[in-house]
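The structure appears right after this line, and notes come after that.
Please treat every number below as a calculation from the coordinates, not as lab data. These numbers come from a predicted model, not from an experiment. For neighbour counting, all protein chains shown are included, and Cβ atoms are generated from backbone atoms with ideal geometry for every residue, glycine included.
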Amino acid sequence: MLVIGIDVAKAKLDVCVLLDERKRAKVVANSNAGVIQLLAWLQQHWPEQPLSQMHAVLEGTGVYHESAACALFDVGVHVSIVNPAQVRDFAKGLGIRTKTDGVDSQVLARYGALVQPAPWTPPPAHVRTLTALLARREAIAQDLRRERNRQEKALAAQSVALVRHSLETSIAFLLQQLKDIERQIDQHIDGHPDLKGDVRLLQSIPAVGDKVGTQMTSLLRSHCFTTAEQLAAYLGLVPVERQSGSSVCAKARLSKAGPATMRATLYMAAVVATRHNPHIKALYERLLAKGKSKMAAIGAAMRKLVHLCFGVWKHQCPYQADFVQRA
């Protein structure tokens with residue numbers, strides 16, 4: 001299989017194909033026309049290689065990689081989206097310290113050939129719409145928090161009336177925007193039975209409300225997680241140990257990889273779960289009795305909550321508080 005490393009930037013795609021000790025490189029625009037040009041270049045130099053026998057490896061770079069990845073997937077190319085941090089560590093392991101777009105594309109090609117990352121499948125259109133709506137809701141909520149902080153400072157400093165009026169107008173506008181986007185999210189979920197069913201199942205778990213339910217539904221539908229451990233690792237909720245011999249013995253801590261916004265939402269849900277969810281409450285109290293700190297116990301509660309969400313979603317079965325006793 002022909003492995004193609006593609007370094008993604010906002011405006012361009014740096015492409016590298018490694019053949020034994022030789023390499024071929026090309027730069028195209030990060031657009032539909034650029035992808036068409038890339039496909040023509042590949043078929044010109046490797047006419048005997050069908051598109052189904054090509055493997056494109058791209059870094060996940062915000063939203064800039066999505067268009068190229070979907071276009072390549074649609075024509076039959078195997079596509080993998082890899083973690084930029086893992087690829088950077090791979091480059092350091094090879095002794096490559098230089099970081100340019102051309103070098104990165106070469107590293108991606110070598111990473112794809114040696115590691116053979118799992119293929120990526122784009123989520124359905126209605127799932128991508130839900131993800132975009134949730135991202136917009138979070139952006140509006142952040143803007144609203146900033147404006148309210150500015151309003152608090154303006155009132156404390158007895159700022160001029162025009163500034164206070166401007167802040168009041170901005171806050172009123174953002175509140176209306178937040179209300180509108182939440183209505184659109186509800187309508188979108190109600191219009192798709194699979195999303196509506198997932199949210200209802202997740203909300204059967206005590207401490208999982210509307211926000212956690214919709215965000216977890218979007219996450220589970222957008223990625224291919226086969227185990228609860230994979231989901232917890234993606235969210236940065238697995239402990240990382242650092243021990244070596246007798247001189248290095250640091251405390252284990254959460255990896256905190258993945259989306260920080262989702263972790264913040266899960267933190268508040270886990271705090272509620274330590275009081276109202278029987279499984280998580282028992283775990284939390286058991287860890288405290290063993291001498292664990294409250295923050296360590298909360299981290300374990302967050303991880304347990306994610307495991308419960310994955311189990312409910314995977315088996316399409318509502319939460320059962322007496323599951324352990326009956327099992």
*Measure off 7 Å from each Cα along the Cα-to-Cβ vector at GLN43 and LYS292, then give the distance between these two points in nanometres to one decimal.*
5.6
_Residue of GLU182, GLU138, GLU168 that the Gaussian network model of the chain assigns the largest fluctuation, springs spanning Cα pairs under 10 Å_ = GLU168
*With no solvent and one point on each alpha carbon, what is the Debye value of log10 I(q)/I(0) for the chain at q = 0.09, 0.15, 0.16 Å⁻¹?*
-0.66, -1.24, -1.28
*Report, in debye and to the nearest 20, how large the dipole of the chain comes out about its Cα centre when Lys and Arg carry +1 and Asp and Glu carry -1 on their Cβ.*
1320
*Averaged over all directions, how much area does the convex hull of the C-alpha atoms of the stretch 22-124 cover when projected, in nm²?*
6.9
*Listed here are the pairs LYS153/LYS294; LYS12/LYS211; LYS92/LYS251; which of them are more than 28 Å apart at the Cα?*
LYS153/LYS294; LYS12/LYS211
*Please identify the helices of the chain, taking whole runs of DSSP H, that span at least 27 Å along their own axis as judged from the Cα atoms and have a mean Kyte-Doolittle score of -1.0 or higher.*
125-156, 161-190, 294-315
*Comparing GLY236, GLY209, GLY95, which has the greatest mean-square fluctuation in the GNM of the chain with Cα pairs linked when under 10 Å apart?*
GLY95
_Explain nothing, just compute: Karplus ³J(HN,Hα) = 6.51 cos²θ - 1.76 cosθ + 1.60, θ = phi - 60°, for every residue of the stretch 232-239 in order, whole Hz, x for Gly and Pro._
5, 5, 4, 7, x, 10, 9, x
_For VAL79, distant residues with modelled amide H under 5 Å away_ = ALA56, TRP120
*Mind checking the full-extension length gain between ARG128 and ARG24? Use 0.36 nm per residue of separation minus the Cα-Cα distance, one decimal, nm.*
34.0 nm
*Dipole of the stretch 2-115, Cα-centred, from +1 at each Lys and Arg C-beta and -1 at each Asp and Glu C-beta, to the nearest 20 debye?*
340
*Amide H neighbours of TYR319 under 5 Å, counting only residues 5+ apart in sequence or on other chains, H built in-plane at 1.01 Å?*
SER204, ILE205
*Could you line up TRP46, TRP120 from fewest to most neighbouring Cβ atoms inside 10 Å?*
TRP46, TRP120
*Mind checking which lysines have their C-alpha under 21 Å from LYS10, skipping anything on the same chain fewer than 8 residues away?*
LYS26, LYS99
_Relative packing of peptides 55-62, 37-44 - highest average C-beta neighbours within 10 Å first_ = 55-62, 37-44
*In nm, to one decimal, how far is the ASP190 label point from the MET268 one, both placed 7 Å along Cα→Cβ?*
2.4
*Note down the magnitude of the dipole of the stretch 269-327 about its Cα centre, charges +1 on Lys and Arg C-beta and -1 on Asp and Glu C-beta and zero elsewhere, to the nearest 20 debye.*
180
